[in-house]
Amino acid sequence: MAEEIYRHFKPYEPKKGEQYMNEKQLAHFRSILEAWKLDLQSDIERTVHTMQDEATAFADPNDRASQESDIALELRNRDRERKLVKKIDQTLARIDANDYGYCDSCGVEIGLKRLEARPTATQCIDCKTLDELRERQVAR
(Lines give C-alpha, C1' and ligand atoms only; values in the text may rest on other atoms or scores of the structure.)
Protein backbone atom coordinates (compact mmCIF):
# COMPACT_ATOMS: atom_id res chain seq x y z
CA MET A 1 0.00 0.00 0.00
CA ALA A 2 2.71 2.49 0.94
CA GLU A 3 4.63 1.89 -2.31
CA GLU A 4 1.54 2.91 -4.27
CA ILE A 5 1.20 6.39 -2.74
CA TYR A 6 3.63 8.05 -5.09
CA ARG A 7 1.94 6.52 -8.13
CA HIS A 8 -1.15 8.65 -7.47
CA PHE A 9 0.79 11.69 -8.62
CA LYS A 10 0.39 12.75 -12.21
CA PRO A 11 3.62 12.01 -14.13
CA TYR A 12 5.71 15.06 -14.87
CA GLU A 13 5.33 16.27 -18.46
CA PRO A 14 8.48 18.14 -19.51
CA LYS A 15 8.13 21.10 -21.84
CA LYS A 16 10.06 21.11 -25.09
CA GLY A 17 13.59 22.34 -24.48
CA GLU A 18 13.15 22.21 -20.70
CA GLN A 19 16.35 21.67 -18.73
CA TYR A 20 16.69 18.30 -17.00
CA MET A 21 16.17 18.42 -13.21
CA ASN A 22 15.04 22.03 -13.10
CA GLU A 23 13.23 23.50 -10.10
CA LYS A 24 9.78 22.25 -11.23
CA GLN A 25 11.02 18.70 -11.72
CA LEU A 26 12.82 18.69 -8.39
CA ALA A 27 9.70 20.04 -6.66
CA HIS A 28 7.59 17.33 -8.33
CA PHE A 29 9.84 14.51 -7.11
CA ARG A 30 10.22 16.10 -3.67
CA SER A 31 6.42 16.12 -3.22
CA ILE A 32 6.20 12.47 -4.30
CA LEU A 33 8.95 11.43 -1.89
CA GLU A 34 7.55 13.43 1.03
CA ALA A 35 4.04 11.99 0.54
CA TRP A 36 5.48 8.48 0.32
CA LYS A 37 7.52 9.03 3.48
CA LEU A 38 4.50 10.32 5.41
CA ASP A 39 2.46 7.31 4.34
CA LEU A 40 5.20 4.91 5.42
CA GLN A 41 5.62 6.64 8.76
CA SER A 42 1.90 6.50 9.46
CA ASP A 43 1.91 2.75 8.67
CA ILE A 44 4.82 2.24 11.07
CA GLU A 45 3.09 4.24 13.79
CA ARG A 46 -0.20 2.41 13.25
CA THR A 47 1.59 -0.93 13.63
CA VAL A 48 3.18 0.11 16.90
CA HIS A 49 -0.20 1.17 18.32
CA THR A 50 -1.88 -2.01 17.07
CA MET A 51 0.80 -4.20 18.61
CA GLN A 52 0.46 -2.38 21.93
CA ASP A 53 -3.32 -2.73 21.88
CA GLU A 54 -3.32 -6.39 20.86
CA ALA A 55 -0.63 -7.57 23.27
CA THR A 56 -2.47 -10.50 24.74
CA ALA A 57 -1.15 -13.46 26.68
CA PHE A 58 -2.92 -16.49 25.26
CA ALA A 59 -3.21 -19.58 27.41
CA ASP A 60 -3.20 -21.87 24.40
CA PRO A 61 0.34 -22.37 23.04
CA ASN A 62 -0.96 -22.58 19.46
CA ASP A 63 -2.70 -19.22 19.75
CA ARG A 64 0.41 -17.70 21.30
CA ALA A 65 2.61 -19.12 18.52
CA SER A 66 0.25 -17.81 15.88
CA GLN A 67 0.28 -14.34 17.43
CA GLU A 68 4.09 -14.35 17.69
CA SER A 69 4.35 -15.41 14.06
CA ASP A 70 2.04 -12.57 13.00
CA ILE A 71 4.04 -10.08 15.05
CA ALA A 72 7.33 -11.30 13.57
CA LEU A 73 5.98 -10.91 10.03
CA GLU A 74 4.67 -7.44 10.81
CA LEU A 75 8.00 -6.41 12.32
CA ARG A 76 9.89 -7.62 9.24
CA ASN A 77 7.57 -5.59 7.03
CA ARG A 78 8.02 -2.50 9.18
CA ASP A 79 11.79 -2.96 9.17
CA ARG A 80 11.72 -2.94 5.36
CA GLU A 81 9.61 0.21 5.46
CA ARG A 82 11.99 1.81 7.96
CA LYS A 83 14.87 1.14 5.56
CA LEU A 84 12.82 2.63 2.73
CA VAL A 85 12.19 5.78 4.82
CA LYS A 86 15.96 6.06 5.27
CA LYS A 87 16.44 5.71 1.51
CA ILE A 88 13.79 8.39 0.91
CA ASP A 89 15.63 10.69 3.33
CA GLN A 90 18.86 10.08 1.41
CA THR A 91 17.06 10.86 -1.84
CA LEU A 92 15.65 14.09 -0.41
CA ALA A 93 19.19 15.03 0.62
CA ARG A 94 20.29 14.42 -2.98
CA ILE A 95 17.58 16.81 -4.15
CA ASP A 96 18.85 19.42 -1.66
CA ALA A 97 22.39 18.92 -2.96
CA ASN A 98 21.25 19.23 -6.61
CA ASP A 99 22.58 15.73 -7.21
CA TYR A 100 19.22 14.06 -7.85
CA GLY A 101 18.47 12.42 -11.18
CA TYR A 102 22.02 11.51 -12.14
CA CYS A 103 23.53 8.03 -12.05
CA ASP A 104 25.93 7.31 -9.18
CA SER A 105 27.95 4.95 -11.37
CA CYS A 106 28.37 6.77 -14.68
CA GLY A 107 26.96 10.26 -14.08
CA VAL A 108 24.42 10.29 -16.91
CA GLU A 109 20.80 11.36 -16.51
CA ILE A 110 18.67 8.62 -14.97
CA GLY A 111 15.63 9.84 -16.87
CA LEU A 112 12.22 11.14 -15.82
CA LYS A 113 10.36 7.95 -16.70
CA ARG A 114 12.67 5.80 -14.58
CA LEU A 115 12.41 8.26 -11.69
CA GLU A 116 8.61 8.23 -11.98
CA ALA A 117 8.71 4.44 -11.68
CA ARG A 118 11.32 4.43 -8.88
CA PRO A 119 11.81 7.87 -7.31
CA THR A 120 14.66 6.60 -5.13
CA ALA A 121 16.69 5.29 -8.10
CA THR A 122 20.38 6.16 -7.95
CA GLN A 123 21.49 4.42 -11.13
CA CYS A 124 20.52 4.64 -14.78
CA ILE A 125 18.86 1.56 -16.22
CA ASP A 126 22.06 0.39 -17.94
CA CYS A 127 24.20 0.50 -14.78
CA LYS A 128 21.44 -1.10 -12.71
CA THR A 129 21.07 -3.92 -15.24
CA LEU A 130 24.83 -4.56 -15.15
CA ASP A 131 24.81 -4.62 -11.34
CA GLU A 132 21.95 -7.14 -11.32
CA LEU A 133 23.77 -9.35 -13.83
CA ARG A 134 26.90 -9.26 -11.64
CA GLU A 135 24.83 -10.16 -8.56
CA ARG A 136 23.34 -13.17 -10.35
CA GLN A 137 26.77 -14.36 -11.46
CA VAL A 138 28.21 -14.07 -7.94
CA ALA A 139 25.20 -15.85 -6.41
CA ARG A 140 25.78 -18.98 -8.48
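The values are calculated or read from the model by the stated rules, or taken from the named source; none is laboratory data. None of these values were measured; they are calculated from a predicted model. A quick note on method: Cβ atoms are made from the backbone with ideal geometry, for glycine too, and the neighbour counts reach across all protein chains shown.
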Review point. Which ranges mark the helices (runs of 4 or more DSSP H) fully within segment 25-140 that have 3 or more residues being within 25 Å of residue 10 (Cβ to Cβ)?
Key: 61-96, 112-117
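Condition check ((1) surrounded by fewer than 14 Cβ atoms within 10 Å (Cβ to Cβ); (2) farther than 15 Å from residue 37 by Cα; (3) modelled with pLDDT under 95) across all residues:
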residue	(1), (2), (3)
79	yes, no, yes
89	yes, no, no
97	yes, yes, no
103	no, yes, no
110	no, yes, no
124	no, yes, no
Practice item. Show the residue pairs that are 6+ apart or on different chains and have beta-carbon atoms under 9 Å apart, the first residue being within segment 81-99 and touching a residue at least 40 places away in the same chain (Cβ under 8 Å) and under 17 Å from residue 44 (Cβ atoms), the second being loosely packed, with under 15 Cβ neighbours inside 10 Å and aliphatic (A, V, I, L, M). Key: none
Review point. Any idea which residue in segment 1-38 is surrounded by the most Cβ atoms within 10 Å (Cβ to Cβ), counting only those that are closer than 19 Å to residue 87 by Cβ and at pLDDT below 90?
Key: 6
